[in-house]
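The structure appears below as structure tokens.
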Amino acid sequence: MREERESEISAWSLAQWGTAELWDRRRTRLAAQWCSQMAALPAASIPTQSGNWAATKAAYRLLQEKDVTH
């Protein structure tokens, strides 16, 4: 059941963010991946959602970009 839910979240995230134009494919991939992680654990902190230090740093870097806004 959990795997099915994760698959649904992943598909939703890809549909929402997979075609976003964030000026770099890596940003788009990161946004889709991170969106999926946020949806799976909405009440968790960014480090918990990200799962590891590298992904946490990447999420913070993405959020700190001056052209990334709500």
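The values are calculated or read from the model by the stated rules, or taken from the named source; none is laboratory data. The structure presented is a predicted model; accordingly, all values stated were derived computationally and were not measured. Neighbour counts are summed over all protein chains in view; Cβ atoms, including those assigned to glycine, are modelled from backbone coordinates with ideal geometry. SASA here: full protein model, heavy atoms, side chains in, ligands and nucleic acids out. Shrake-Rupley method; radii C 1.70, N 1.55, O 1.52, S 1.80 Å.
W12 sits with roughly 120 Å² accessible to a 1.4 Å probe, with DNA, RNA and ligands left out of the calculation.
Quick one: plug the Kirkwood hydrodynamic radius of segment 26-65 (C-alpha pairs) into Stokes-Einstein at 37 °C, 0.692 mPa s, and report D in µm²/s. In µm²/s, the coefficient is 332. Near E21: Cβ cut-off under 15 Å, other residues only, Lys/Arg at +1 and Asp/Glu at -1. The net charge is +1.
Enter the accessible area per residue of segment 30-70 (Å², integer; probe 1.4 Å; all protein chains in place). Intermediate results must be reported in sequence, preceding the final value.
Numbers: 2720 Å² over 41 residues.
Per residue, segment 30-70 has an accessible area of 66 Å².
Ordering 32-38, 43-49, 61-67 by mean Cβ neighbour count within 10 Å, with the highest value first, yields 32-38, 43-49, 61-67. Remark: spin-label model distance Y60-L41 equals 1.6 nm, labels positioned 7 Å along the Cα→Cβ axis.
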